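The values are calculated or read from the model by the stated rules, or taken from the named source; none is laboratory data. As the structure is a computational prediction, the values presented were derived from the model and not from experiment. All Cβ positions, glycine included, derive from the backbone under ideal geometry; neighbour counts span all protein chains shown.
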Amino acid sequence: MTMMRYAEALNSALREEMQRDPTVFMFGEDIGRYGGVFKVSKGLMEEFGENRVRDTPISEQALTAMAVTAAMSGTRPVLEIMYADFMPLTLDALVNQASVFGYLWEGQVEIPFVLRTQGGGGVGTGAQHAKSLDSFVAHVPGIKVVAPVTPADAKGLLKAAIRDPQPVVFLEHKLLYNMRGEVPDGDDVLVTIGKAKVVKEGTDVSIFATSKMVLEAEQAARELAKDGISAEVIDLRTLRPLDIGAIMASIAKTHHAVVVNEGWTFCGFAAELSASIMDHCFDDLDAPVERVAMPDMAIPYSEPLETAMLPNAAKIAAAARKALA
Amino acid sequence: MATPVKVGVAGGEYMESVVVLEWTVKTGDAISAGQHLVTVETAKAATEIEAPCEGFLTAIFAEPGTEVSLTETLGLIGADTADTAYEGDEPATDHAPVADEASLQATTSEAVSAAESLSPPTPGGRTVASPAARRAAAMAGIDISRITPTSPTGRMKLRDLASATIMRAEIPLVPAGGLSANEAGPLKVYLSGTKTGIPVLMLHGFGADAMSWFPIERALARAHPIVRMDLPNHGKSPRRRMTRFADLAREIVDAFDALHLDEVHVLGHSLGGACALALADIRPRKVASLALLAPGGLGPVINGEFAAGLARASRPESLEQWLKLSVADTRLISPEFVGAAMSSRVDPALRAAQAQMANDLFPDGTQGFDLRPALQRVECPMRVIWGKADAVIPWQQALSAPGRAGLHLFEATGHVPQMERPEDVVAILEALFAASGGKQ
């Protein structure tokens, strides 16, 4: 095990995969000479050269189309989109090309590319640089979507995503890059895409979250424990394909569910979780599913207002209490 | 009926209260609609409150200098100078300005939606229960309409079936020194079923209670009067020490005599089966038929750990293990079932009494009483029903039954055939009852 920051864990995943497979290459805005806005690709251009770590102009639409065609041509591109807020610009290549080509050509073509991006609020970056658009991509069949919270899962899932034959959208969170954690050593330590993880076992209520919301859920669980409420925290890690088995197992035990997502409430990923729980666990539910997500409005630049809007531990704990009332 | 004067929206949308500065009229004055009556101070400014209608000012409730909420009544405008009758804090009448109406409606609809979010709808007056509570109730044979929900939402939850709460509750350990109480009083008896016909007397097994007959009680109750009894130290019956099986048998016979029944079909399970057999031996002319489900007393072998462990189990986790031992298909022992079973075992005095009883009746893990001679003496129609996967009392003990008894041995069935094979058991019993019509 090595203690490292989330950004360092991603960096080592990229380095190891590029060492392992010469067809892996990266491109994006300011990822080469500058090392990436969040320093995820620091030192990689020096090590692998300008052909495999490419700085590009600002055109997310062109970059994504490039990634799809490069993947079809036998390489494994890793594209960085600086902010998840810019994902709408990538959608044609993702939704009309990458996600359906395998189907249109009857599996004769693989699209092994990774779109890395980061979203989320909490640092006053305003309405255009703080969104969580998880559901935009998780909505689309043919695309896998992961959102790890720990450095270990970040590394293991990124390596798995690079090796995956399907397009994978890899969602990071700007407030996670400095989080430290133990990361297993070894070049082939992968984390399986589509597997949730029980972060904390509990018996009274299940809290399902991804990315930074897992940390909020864990904090909520500690708050609830003071009142004798035993919350189980499940880090879904993958949004699509969803690990419904892990969800069912937890609800069969606790009979209460709180679903958390930093994206908007209406049509958000939390809504999908809630509906899936209703589909699979209805007879196990002892209360309606509680949803904790972002109110339906633009994210304010003002930090106090932003803080008031973001889903957090207090809101998750309140939702758990409401479910258990 | 007088019209109240209120601040309403004039108080400003961010304010909870205002301060009364000055009344420009006095009681008894004639008032025209829209006339300036009183000036109040809000955060923003001094605001004039106008008369909502014409009439006479008949009361001033809020004197200058007092702080009032936006909904309080400042004064009254009556039809004449003596008209002071009004309805407390009723919302403004249709004399109120249009803006007032709109704000009232907004407030009301907010209040309604808040209430809706807490209280689930009750379509057609049906009981509202969570899906999990509804399923658990169905499994336990509980009528949810008779249970009072504890949730502020008014929705029945699992815990209302005495499961979730029990599972979380701190359950005290069995007091050291075992049984102390020696309560007097008759055994608890439950009556159900039809009014006529030969009653079916049901005697439950060790560690259970009269409610444990739910898998077959309802089916039998359609055609027979049902009499269920809680054994001593079980359910709602008194706790008292019995050092020998004969003491227990005496209790059952006494309780039976007190019912003044001419004739009964007797049905007993496990330890209750031993009691049923003893009753049939002691009161042979009262017993129309005898059905024994995995009965005790037919051999020395018993899983002594089962009786002791079941009696001592103070937590759902430990109880679950023993309950699972009693069935072949452990899927029957769901968390809801364990919760329901645990809910009847919360009282540490009950568990202590049962632990003592297990020790007295099954010393050294042995059935300390032998009813095989009594079994040979039974003359009424008799059936012995056993599961061949019984891990508590070996089914081979059924073979000591006399040739005239009917034996029913079920494959892949544990110690509680009435739970694992309810339809079969009911069919066997109905055939037995039909074949032994009694003296009528």
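Looking only at region B:372-408, how many residues end up being part of a loop (DSSP other than H, G, I, E, B) and surrounded by 15 or more Cβ atoms within 10 Å (Cβ to Cβ)? Can you show your working first?
In the first step, residues of region B:372-408 are kept if they are part of a loop (DSSP other than H, G, I, E, B); the result is B:378-381, B:388-394, B:401-405.
This time we only want the ones that are surrounded by 15 or more Cβ atoms within 10 Å (Cβ to Cβ), so: B:378, B:380-381, B:388-394, B:401, B:405.
Of the residues in that region, 12 qualify.
Residue A:134: out of contact with any helix residue (DSSP H, G or I) (no Cβ under 8 Å at 6 or more places or on another chain) and either of a type in the set (Asp, Glu) or closer than 18 Å to residue A:246 by Cα (or both), yes or no? First the steps, then the outcome.
Values: out of contact with any helix residue (DSSP H, G or I) (no Cβ under 8 Å at 6 or more places or on another chain): no; either of a type in the set (Asp, Glu) or closer than 18 Å to residue A:246 by Cα (or both): yes.
It is false that residue A:134 is out of contact with any helix residue (DSSP H, G or I) (no Cβ under 8 Å at 6 or more places or on another chain) and either of a type in the set (Asp, Glu) or closer than 18 Å to residue A:246 by Cα (or both).
Being assigned by TED's automatic domain parsing to the domain that holds residue A:264 and either basic (Lys, Arg) or within 23 Å of residue A:271 (Cβ to Cβ) (or both) is a property that does not hold for residue A:229.
Where strands (runs of 3 or more DSSP E) sit wholly within region A:121-233, those with at least 1 residues that are acidic (Asp, Glu) occupy A:168-173, A:180-183. Scanning region A:16-44 for residues that are part of a helix (DSSP H, G or I), closer than 16 Å to residue A:170 by Cβ and either touching a Phe, Trp or Tyr at 6+ places or on another chain (Cβ under 6 Å) or of a type in the set (Lys, Arg) (or both) yields one hit, A:18. Identify, by number, the condition in (1) within 28 Å of residue A:126 (Cβ to Cβ); (2) buried (at least 20 other Cβ atoms within 10 Å of the Cβ) that residue A:206 doesn't meet. Every listed condition holds for residue A:206 apart from (1).
Go through the residues of region B:156-172 one by one and say whether even a single one is outside any loop (DSSP other than H, G, I, E, B) and at pLDDT 85 or above. Break it down stepwise before answering.
So in region B:156-172, the residues outside any loop (DSSP other than H, G, I, E, B) come out as B:156, B:158-161, B:164-168.
So of that shortlist, the ones also at pLDDT 85 or above come out as none.
Taking every residue of region B:156-172 in turn, none turns out to be outside any loop (DSSP other than H, G, I, E, B) and at pLDDT 85 or above.
Residues in region B:58-116 that are more than 22 Å from residue B:33 (Cβ to Cβ), assigned to a loop (DSSP other than H, G, I, E, B) and not acidic (Asp, Glu) were compared, and the one that is modelled with the lowest pLDDT is B:88.
Whether any residue in region B:280-301 is basic (Lys, Arg), under 15 Å from residue B:227 (Cβ atoms) and assigned by TED's automatic domain parsing to the domain that holds residue B:380 is what I want to check. Break it down into steps so the answer makes sense when it comes.
Residues of region B:280-301 basic (Lys, Arg): B:283, B:285-286.
Next cut, under 15 Å from residue B:227 (Cβ atoms) only: B:283, B:286.
Right, trim to assigned by TED's automatic domain parsing to the domain that holds residue B:380 and you get B:283, B:286.
Within region B:280-301, one or more residues are basic (Lys, Arg), under 15 Å from residue B:227 (Cβ atoms) and assigned by TED's automatic domain parsing to the domain that holds residue B:380.
Being buried (at least 24 other Cβ atoms within 10 Å of the Cβ), more than 19 Å from residue A:70 (Cα to Cα) and of a type outside the set (D, E, K, R) holds for only one residue in A:114, A:123, A:137, and it is A:137.
With region B:257-371 as the region, which helices (runs of 4 or more DSSP H) entirely inside it contain at least 1 residues that are farther than 28 Å from residue B:396 by Cα, among the small types (Gly, Ala, Ser) and in contact with a Pro (Cβ under 8 Å, 6 or more places away or on another chain)? In region B:257-371, B:335-343, B:348-361 are the helices (runs of 4 or more DSSP H) which contain 1 or more residues that are farther than 28 Å from residue B:396 by Cα, among the small types (Gly, Ala, Ser) and in contact with a Pro (Cβ under 8 Å, 6 or more places away or on another chain).
Looking only at residues that are part of a helix (DSSP H, G or I) and in contact (Cβ under 8 Å) with a residue 60 or more places away in the chain in region B:239-251, which one is farthest from residue B:345 (Cα to Cα)? If you could, list the steps in order and put the result at the bottom.
Within region B:239-251, the subset part of a helix (DSSP H, G or I) is B:245-251.
Narrowing the set further to residues that are in contact (Cβ under 8 Å) with a residue 60 or more places away in the chain leaves B:245-246, B:248, B:251.
Working: B:245: 23, B:246: 25, B:248: 20, B:251: 22 Å.
The selected residue is B:246.
Residues that are within 27 Å of residue A:275 (Cα to Cα) and acidic (Asp, Glu) within region A:132-166 comprise A:134, A:153, listed in sequence order. Looking across region A:221-233 at every residue that is buried (at least 20 other Cβ atoms within 10 Å of the Cβ) and closer than 17 Å to residue A:250 by Cα, the one that is modelled with the lowest pLDDT is identified as A:229.
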